[in-house]
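**Student:** What follows is a single structure, and I will ask about it in a moment.
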Amino acid sequence: MTIPKIGIIISTTREGRFADRPANWIHEIAQQRADIAFELVDLRDYPIPMFDAPLSPNYAPVDNDHTRALVNKLSELDGYIFVTAEYNHSISAVLKNAIDHVQFEAWAKKPAAFLGYGGTGGARAVEQLRLIAVEVSLVPTRAAVHIGMEPYLGVWKEGKSFNDYAHLVSSAGLMLDELAWYAKTLRTGRDVTTTETALAA
Ligand SMILES: Cc1cc2nc3c(=O)[nH]c(=O)nc-3n(C[C@H](O)[C@H](O)[C@H](O)COP(=O)(O)O)c2cc1C
């Protein structure tokens, strides 16, 4: 059996974004694990138009190239880390738009962990994202990484590394441990369900 694979979703796309720094940092830490594989999934690579389909994707998959490509990518993965900024106390419109386009089967029964950054460590965006995650049948984890203003400015303006902040390194470890447990457990559960469904057919 292959090891579970987690997508680290970079969920802002604006020019000059900060997102690459926390995404690359958590990717580097995550790659030290042997039990889970990780890859970056950058929403810049999936420039999906604003949602205007006649039906929810749960009733009819959205028929455009970028959405199909994103759904295919998400379907390959066993869980996700959402790297999220806070835009007006919520997630970016780009991320919400992407979530709205994806039928819930691509996300269903997979764990979602969170790395937020901003004035309150992106906490308000992460809390909102947890609520959205439940609706698309993701399983949100409790542990998360919150990069507050001091490390945000330290990395952006003062040439520091996130590794200079012990609380971030510690929370990254806890978040990855919890995510790994859910990724393995839920994949086993999905495999059993698929087998049972096949046997019952
Ligand atoms: C449209 C917009 C709204 C923002 N709203 C918030 C906010 O509500 N809370 C906050 O802490 N930061 C807010 N910010 C500042 C962002 O935290 C900061 O710009 C961050 O770098 C954005 O992530 P990005 O660089 O990856 O786009 C906002 C930024 C933008 C562009």
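**Student:** What percentage of the solvent-accessible surface of the chain, computed with a 1.4 Å probe over protein heavy atoms, is contributed by carbon and sulfur atoms?
**Tutor:** Carbon plus sulfur share of accessible area: 55 percent.
**Student:** Further question on the same structure: List the residues, sorted by chain then number, that are 5 or more residues from Thr84 or on another chain and whose placed amide H is less than 5 Å from its amide H.
**Tutor:** Leu115, Gly116, Tyr117
**Student:** Mind listing the phi-derived Karplus ³J(HN,Hα) values for region 16-30, rounded to whole Hz, using 6.51, -1.76 and 1.60 with θ = phi - 60°, and x for any glycine or proline?
**Tutor:** x, 4, 7, 3, 4, 5, x, 5, 5, 5, 5, 4, 4, 5, 4
**Student:** Using alpha carbon coordinates only, what is the Rg to Rh ratio of region 33-83, with Rh defined as the Kirkwood radius?
**Tutor:** 1.04
**Student:** Here is a follow-up. Going by accessible area, probe 1.4 Å, with all protein chains left in place, what is the ranking of Glu15, Glu127, Glu150, Glu178, largest first?
**Tutor:** The ordering from most to least exposed comes out as Glu15, Glu150, Glu127, Glu178.
**Student:** Helix 166-200 against the longest principal axis of the chain: what's the angle in degrees, Cα atoms only, rounded to the nearest 10?
**Tutor:** The angle comes out at about 0 degrees.
**Student:** For region 135-171, which trypsin sites (Lys or Arg not before Pro) are in a loop by DSSP, counting at most 15 other Cβ atoms within 10 Å?
**Tutor:** Those satisfying the criteria are Lys160.
**Student:** Taking K and R as +1 and D and E as -1, what net charge do the other residues with C-beta under 13 Å from the C-beta of Pro4 add up to?
**Tutor:** +2
**Student:** Considering only protein heavy atoms, with the full assembly of protein chains and a 1.4 angstrom probe, order Leu174, Leu74, Leu186 by accessible area, largest first.
**Tutor:** If we order Leu174, Leu74, Leu186 from most to least accessible, we get Leu174, Leu186, Leu74.
**Student:** Rounded to whole Hz and in sequence order, give me ³J(HN,Hα) for region 75-83 from the Karplus expression 6.51 cos²θ - 1.76 cosθ + 1.60, θ = phi - 60°, writing x for Gly and Pro.
**Tutor:** So the J values, rounded to whole Hz, are 5, 6, 9, 9, x, 9, 10, 8, 8.
**Student:** For Lys110, enumerate residues with amide H under 5 Å from its amide H, sequence gap 5+ or separate chain, H modeled in the peptide plane.
**Tutor:** The answer is Val139.
**Student:** Next question, about the same structure. Which net charge results for the neighbourhood of Trp107, defined as the other residues with beta-carbon distances under 15 angstrom from its beta-carbon, given Lys and Arg at +1 and Asp and Glu at -1?
**Tutor:** +3
**Student:** Also, I was wondering about something else. Tell me the Kirkwood radius of the chain: reciprocal of the mean inverse pair distance over distinct alpha-carbon atoms, in Å.
**Tutor:** Numbers: mean 1/r = 0.0577 Å⁻¹.
Taking the inverse mean of 1/r over all distinct Cα pairs, the chain comes out at 17.3 Å.
**Student:** Quick one: helix 123-135 against the long Cα principal axis of the chain, what's the angle to the nearest 10°, folded into 0 to 90?
**Tutor:** Tilt of helix 123-135: around 0 degrees.
**Student:** What is the chain's relative contact order, in percent, from Cα pairs under 8 angstrom and six or more apart in sequence?
**Tutor:** 21 percent.
**Student:** Still on this structure: If you roll a 1.4 Å probe over the heavy atoms of the protein chains, what accessible area per residue do you get for the chain, in Å²?
**Tutor:** So the chain comes to 50 Å² accessible per residue, rounded to a whole number.
**Student:** Report the net charge of residues surrounding Thr84, where surrounding means a beta-carbon distance below 12 angstrom and charges are Lys +1, Arg +1, Asp -1, Glu -1.
**Tutor:** With Lys, Arg at +1 and Asp, Glu at -1, the net is +2.
The values are calculated or read from the model by the stated rules, or taken from the named source; none is laboratory data. Being a predicted model, the structure only gives us computed values, none of them experimental. Neighbour counts run over all protein chains shown; Cβ positions are idealised from the backbone, glycine included. Calculation scope for accessible area: heavy atoms of the full protein, side chains included, ligands and nucleic acids excluded. Shrake-Rupley method; radii C 1.70, N 1.55, O 1.52, S 1.80 Å.
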